[in-house]
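S.K.: This is the structure I want to talk about, given as structure tokens.
Taken together, the values in this text are just the output of simple stated rules run on the coordinates, not laboratory data. Quick caveat: nothing in here was measured; it's all calculated off a predicted structure. For neighbour counting, all protein chains shown are included, and Cβ atoms are generated from backbone atoms with ideal geometry for every residue, glycine included.
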Amino acid sequence: MIKIISFDMDGTLVTSNYVEKVWLEGVPTLYAERHKIDLEDAKKLVYDEFMSVGTRDLRWYDLSHWIDRFDLNIAKIDLLERYRDEVEFYPETEEVLALLAKDFELVVASNGATEFVEFELGSHRHLFREILSVTSKFGKVKDFPATFHDLCNYLNAAPEEVMHIGDHRYFDYEVPKEAGLFALYLDRDRMESGPDVVHDLREAAERVMK
């Protein structure tokens, strides 16, 4: 019996606009200013550095690492605050969270660092039992079944008591399923269909509450 609904964050509850602004605009702009080079050159250099690390490396998600790596003249909180107005929830997010919170415990389980997750949720944090960055909390990304085992142990729940919902087919669907959780793949681009595929959070809520 499902007792806990676990959500990914970016691309699931909120659009990716905020994180893209911080990483793909903010960091290169600061690099160009700090090192006095053209912005397009800075973007290429920064993006190449990001890709050389990759999404399976914890450094990918660590803003402090990149501020130090690029010798940027800014505090982490100031960079996060700079793009506060870019945080954008999907239209159905608040409605669905309020509905599901009546019958289930809700958690966030994101690869994104804690400061990003908490910053993006803002005043909606009260709806969640736990707000977890798995990279910060467990030192793992979501490409390992062990990460979801750690999540279940932390929540004191059996895998079959947890449903995970997210927009990354591998991180948020295939891996949690392998770990024994229920999972739904959130395909907002409507490229796939199937019993475990939903196209928005309203569809996800309907599947969960059947």
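S.K.: Roughly what would the spin-label model give for residue 45 and residue 190, points 7 Å off Cα along C-beta, in nm?
M.R.: 4.4
S.K.: Which semi-axes, in whole Å and largest first, does the equivalent ellipsoid of region 17-85 have when worked out from the alpha carbon gyration tensor as the square roots of 5 times its eigenvalues?
M.R.: 16, 16, 12
S.K.: In whole Å, how far is the Cα centre of region 54-86 from that of region 110-149?
M.R.: 17
S.K.: Let me ask another. Give me the three principal axis extents of the chain from the C-alpha atoms, as integers in angstrom, largest value leading.
M.R.: The Cα atoms of the chain stretch 57, 33, 32 Å along the principal axes, largest first.
S.K.: Can you tell me the order of 19-31, 108-120, 86-98 when each peptide is scored by its average per-residue count of other Cβ atoms within 10 angstrom, highest first?
M.R.: My ranking of the peptides, most packed first, is 108-120, 19-31, 86-98.
S.K.: With N residues in region 82-201, what two-decimal value do you get for its Cα radius of gyration over 2.2 N^0.38 Å?
M.R.: My calculation over the Cα atoms of region 82-201 gives 1.04.
S.K.: Let me ask you something else. When the chain is fully extended, how far beyond the present Cα-Cα distance does residue 85 get from residue 98, taking 0.36 nm per residue of separation?
M.R.: Gain on stretching residue 85 to residue 98: 2.4 nm.
S.K.: Considering Cα pairs under 8 angstrom that are at least six residues apart, work out the relative contact order of region 93-186 and quote it in whole percent.
M.R.: Dividing the mean separation by the residue count of region 93-186 yields 20 percent.
S.K.: Could you give the nm distance between label points at residue 20 and residue 2, where each point is 7 Å from its Cα heading toward the beta carbon?
M.R.: 2.8
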